[in-house]
Amino acid sequence: MNYYQKTLDNLKRELKTDFDKGIASRRAKNGGNIISTKKKAGILHQLLSQMSDFMTVVLLVAAAVSYFSTHMRGDNDIFEPLLIVAIVLLNAILGVLQQRRAEKAIDALKKLADPQATVMRDGKVQKISAENLTVGDIVLVKAGDKIAADMRIVESVGLEADESSLTGESLPVQKEECTLSEAVTAGERKNMLHSATSVTSGHGKAVVCAVGMDTEMGKIAGFIMNEEEEQTPLQKKLAKLGKTLGIAALVICGAIFLVGIAKRLEPLDMFITAVSLAVAAIPEGLPATVTVMLAIGVERMAKKKAIVKRLSAVETLGAANVICTDKTGTLTENRMTVSEFYADDAVFMREIAFLASDGGTSPTERAILDWSGTSTGWQRKEENPFDSKRKMMSALVKKGTECRVVSKGAAEILVALCSKKHTSLGNKELSGEERGRLLRRAETMAAKGLRVLAVAYKEANTLNEKDLCFCGFVGISDPPRKEAKTAVSECKRAGIQVVMITGDHIVTASSIAREVGILDGDGKVISGKELDRMSDSALAKILPEVRVFARVTPEQKLRIIKTFKSIGAIAAMTGDGVNDAPALKAADIGCSMGNNGTDVAKEASDMVLADDNFATIVAAVKEGRRIFANIRKSVLFLLSSNIGELLCVFLGLLFGWAAPLTAPQLLWINLVTDSLPAIALGLDPADKDIMTKKHQAGGHLLTASNWAAIVTEGALIGALALVAYTVGTIMFDIGGAHTAGRTMAFIVLASSQLVHSFNLRTEKSVIKDGLFKNKALVWSFVAGIILTVLLVNIPSAAELFGVCMLEPVGWWICAGLAVMPLIIVESAKAVEQYFVRKTIKKE
């Protein structure tokens with residue numbers, strides 16, 4: 001229902017109100033000024049969802065098989081199934097703690113929409129809570145008031161409103177009583193005041209047309225409420241990896257079980273072996289490792305003024321290849337400034353501009369006062385305030401016996417009222433040719449995105465606006481942040497497309513975009529009206545070329561983000577206003593502003609930039625890429641270790657041996673000796689070329705070469721463990737027991753993986769790069785070795801895990817086998833580097 005297109009008489013009849021007396025409360029009938037909320041998922045629901053991924057289901061099945069197999073054999077030892085279930089629960093709890101971010105966006109909207117309102121009811125002026133406003137209420141507004149509902153203006157005296165949080169418009173918008181003939185966006189409704197905006201100057205009277213969810217802000221709340229939470233790219237990749245590993249584990253277990261049956265082996269023994277294989281195939285510590293690594297990343301980013309609310313969002317920003325940024329308050333300072341002026345006598349023009357200002361009641365007035373300085377001794381005797389129809393204001397000022405009329409307003413209006421021009425040599429007659437030249441100068445300034453005001457005066461004892469003397473123009477703008485241009489440049493070098501999406505005018509948006517380097521010669525600028533005429537397929541086709549979207553609505557911002565995602569982009573969105581909230585929530589990662597951002601934007605986002613600095617995004621992108629690279633290192637390490645475990649158990653069975661390792665031993669290795677170095681790898685510093693290195697946002701977590709390395713290095717680790725098992729069984733086991741052999745296999749498997757973690761630090765020689773460069777990795781190695789030695793030598797622990805104490809020679813054999821991964825992989829790297837250098841030399 002377009003209230004801005006109705007006449008006041010029609011509106012009065014339709015809303016059944018009286019513009020002079022107001023109404024009695026009809027809250028019960030209209031429902032009140034309340035924003036609806038979305039029911040949040042409970043802890044139990046979140047816990048169950050954490051345990052629903054494929055890898056976890058396989059582990060739970062393994063635990064069940066282990067329990068029933070043990071029970072059928074008449075064994076009361078349930079340590080193994082309990083350990084598996086405990087691990088699953090631990091990972092689920094860590095996941096819930098990670099995701100337990102309350103959805104407060106709607107609550108923030110309610111707070112934002114709950115100021116006091118001054119209303120006329122039954123002919124009496126009274127203050128009420130915004131929640132009690134209802135359609136038809138007559139509201140009295142003045143400078144400084146927050147608007148609590150959508151209202152149609154009935155009376156206006158110099159009324160201006162700050163709508164930047166809703167529309168992205170950086171300048172205060174002039175408001176007046178009029179009837180609009182065409183359907184226009186919220187930012188172009190000059191006869192309306194919208195919820196979540198504020199009055200910057202003037203006063204007036206308005207009638208409430210919409211409350212609660214029917215307001216423009218309520219519609220935004222609806223977008224947020226209906227927007228489903230999506231998995232981040234990292235979560236999708238890890239889920240896919242988990243499913244692949246889970247299916248592989250089931251296939252291998254099934255195959256081994258059938259092989260055992262074909263060999264007429266005991267079915268229960270085969271069940272237990274299958275459980276061991278499932279445990280060996282799945283990196284149980286991976287979810288917890290990734291969570292800890294992301295949490296460490298969150299801490300590091302907080303020190304860089306980027307506060308992350310959702311852990312998985314840390315890596316997502318590093319994967320982003322598109323950053324859609326708001327203009328006002330994000331790329332700009334959200335502070336009006338006189339950035340350009342024109343005058344023949346600048347000193348005199350500053351004095352007149354100061355005298356024509358209204359004490360900083362609006363951002364425009366404050367900008368002029370900050371620029372013009374002060375002029376003492378003058379007193380304002382009379383004024384003709386700004387009116388949106390006249391587009392100017394004037395005042396009569398006096399100092400002793402000297403009187404002046406000072407005026408400021410729209411360039412075309414004020415220049416037409418001037419008959420003279422002030423210069424440093426005195427006042428001169430203003431010819432028609434000179435008047436045209438001045439107007440062209442004003443147009444040139446306006447084309448730069450400036451709000452141009454003319455300043456004039458005349459010596460007079462009465463307030464008269466004829467035959468004024470032109471002094472000059474002031475160009476007011478919301479200037480770009482100093483760091484924005486550098487930040488945009490770094491994003492481009494990193495292969496990230498930066499797109500401005502704003503509700504501001506196309507000229508202003510284009511000017512700022514050019515200034516900060518977003519818009520270049522080949523970039524396209526699209527308006528909201530043009531966007532409306534485009535199909536989704538047409539939009540998707542031109543998106544890679546678009547650099548600026550101007551005069552867009554919240555719905556259009558949301559559509560742009562969704563279209564970017566539909567073409568495979570990892571889209572980040574920055575913003576600070578209420579109008580940005582739906583797009584912030586829908587983006588792969590939403591980044592809001594901490595200082596000037598609205599509560600709505602902060603709560604809808606995944607990350608808050610504490611210093612409101614677009615440049616902080618660059619640091620966050622770098623950190624995100626570092627984390628992704630380190631997660632890949634950790635996954636490589638964990639999977640190569642698991643391949644080693646799997647091959648050790650599989651080949652032992654194939655050779656007709658007793659299982660070289662038990663499920664509890666494998667769980668210990670996966671969760672203790674594997675997890676510590678995996679986390680430590682997450683602390684590796686970023687490579688120097690990480691921002692220029694090719695980063696495929698939608699690519700796989702692991703490449704084909706990564707999988708090749710996992711298999712070969714895993715085979716090496718598995719072979720070393722089998723050698724240890726064979727040596728231990730032959731040299732130390734008596735009477736067919738396998739305890740010493742399993743103990744040596746356990747020690748070698750655990751310690752060789754600890755040694756192998758150093759290989760994953762770099763693709764080049766880790767010895768040349770610095771073997772002890774990552775102090776956390778060194779300490780994780782020391783801790784892993786100590787824990788393994790203690791497990792073997794503490795009788796109660798040794799009995800629980802099925803290991804025994806070794807003779808010194810056994811330890812020396814284990815040590816010799818454990819260092820082999822470092823020696824062999826370093827040798828392979830040296831050979832590879834030799835051939836690379838040789839190839840380069842030939843070229």
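In the complete set of protein chains, residue-level accessible area for Leu258 is approximately 120 Å², probe 1.4 angstrom. Ordering Ile561, Cys418, Asn464 by Cα displacement along the dipole of region 417-571 toward the positive end leaves Ile561 in first place; charges were set at the Cβ atoms of Lys, Arg (+1) and Asp, Glu (-1). Amide H contacts for Met500 (H built 1.01 Å from N in the peptide plane; partners 5 or more residues away or on another chain; cut-off under 5 Å): Thr325, Val548, Phe549.
Length available on full extension from Ile786 to Thr118: 0.36 nm per residue minus the Cα-Cα distance, which gives 233.3 nm.
Ligands, DNA and RNA left out, the 1.4 Å accessible surface of region 397-441 is 52% carbon and sulfur atoms. Coupling constants for region 142-150 follow from the phi torsions by the Karplus curve (6.51 cos²θ - 1.76 cosθ + 1.60, θ = phi - 60°), and in residue order they are 8, 4, x, 6, 8, 7, 9, 7, 7 Hz; glycine and proline get x. Based on protein heavy atoms only, region 676-775 ends up with 46 Å² per residue of surface accessible to a 1.4 Å probe. In region 740-843, the portion of solvent-accessible area held by carbon and sulfur atoms comes to 70 percent [1.4 Å probe, whole percent, DNA, RNA and ligands not counted]. Near Ala719: Cβ cut-off under 14 Å, other residues only, Lys/Arg at +1 and Asp/Glu at -1. The net charge is -2. The H on the amide N of Cys403, modeled in the peptide plane, is under 5 Å from the matching H of Ala460, each at least 5 residues off or on a different chain. If R0 equals 51 Å, the separation of the Cβ atoms of Val809 and Leu90 corresponds to a calculated FRET efficiency of about 0.85.
Counting only protein heavy atoms and a 1.4 Å probe, region 333-459 has 48 square angstrom of accessible area per residue.
The trypsin sites (Lys or Arg not before Pro) of region 469-506 that meet both conditions, a loop assignment by DSSP and at most 11 other Cβ atoms within 10 Å of the site Cβ, are Lys482. Spatial offset of region 282-342 relative to region 556-632 amounts to 7 Å, using the alpha carbon center of each. The accessible-area ordering, largest first, of the residues Cys804, Cys324 stands as Cys804, Cys324, per a 1.4 angstrom probe. Residue ranges 534-544, 326-336 sort as 326-336, 534-544 when ordered by packing (mean number of other C-beta atoms within 10 Å per residue, highest first). Computed with every protein chain present, the accessible area of Glu382 is close to 90 Å² [probe 1.4 Å].
Which FRET efficiency, nearest 0.05, do His203 and Val251 yield, Cβ-Cβ r, R0 56 Å? Could the numbers behind the result be given before it?
Working: r = 76 Å, r/R0 = 1.35.
Calculated value: 0.15.
Would you tally the net charge around Arg514, using a Cβ to Cβ cut-off of less than 11 Å, leaving Arg514 out, and scoring K and R as +1, D and E as -1? That sum, taken over residues with Cβ under 11 Å, equals +1.
Using a probe of 1.4 Å, the accessible surface attributed to Thr374 totals some 120 Å² when neighbouring protein chains are kept in position.
Per-residue 3J(HN,Hα) values for region 128-133, derived from phi via the Karplus relation 6.51 cos²θ - 1.76 cosθ + 1.60 with θ = phi - 60°, read 9, 5, 4, 4, 8, 5 Hz in sequence order (x marks Gly and Pro). Rolling a 1.4 Å probe across the protein heavy atoms gives region 465-608 an accessible surface of 34 Å² per residue. Shown in residue order for region 613-620 are the 3J(HN,Hα) couplings computed by the Karplus curve 6.51 cos²θ - 1.76 cosθ + 1.60 at θ = phi - 60°: 9, 4, 5, 4, 4, 4, 4, 5 Hz (x for Gly and Pro).
For Asp137, the residues whose amide H sits under 5 Å from its own are Val208, ignoring neighbours fewer than 5 places away on the same chain, with H placed 1.01 Å from N. Overall, the accessible surface of region 330-385 at a probe of 1.4 angstrom is composed of carbon and sulfur to the extent of 46 percent. Spacing of the modelled spin labels on Arg380 and Asp532, each 7 Å from Cα toward Cβ, amounts to 3.9 nm.
When each of the peptides 642-652, 171-181 is scored by how many other beta carbons lie within 10 Å of its residues on average, the order from highest to lowest is 642-652, 171-181.
Figure note: Trp779, Trp378 ranked by solvent-accessible area, largest first, 1.4 Å probe, ligands and nucleic acids not counted: Trp779, Trp378.
What is the gain in length, in nm to one decimal, between Asp769 and Val831 on full extension, counting 0.36 nm per residue of separation less the C-alpha to C-alpha distance? Provide the component values of the computation, followed by the final result.
On the way: separation 62, 0.36 × 62 = 22.32 nm, distance 1.66 nm.
The Asp769-Val831 span can extend by a further 20.7 nm.
Sorting Glu216, Glu807 by accessible area puts them as Glu807, Glu216; the probe is 1.4 Å, largest comes first, and only protein heavy atoms count.
Peptide packing for 576-584, 159-167 was compared via the average number of neighbouring C-beta atoms within 10 Å per residue; ordered from the highest value, the list is 576-584, 159-167.
The values are calculated or read from the model by the stated rules, or taken from the named source; none is laboratory data. A quick note: this is a predicted structure, and the numbers were derived from the prediction, not measured. Cβ atoms come from the backbone with ideal geometry, glycine included; neighbour counts cover every protein chain shown. With ligands, DNA and RNA removed, areas are computed over all heavy atoms of the protein, side chains included. Shrake-Rupley method; radii C 1.70, N 1.55, O 1.52, S 1.80 Å.
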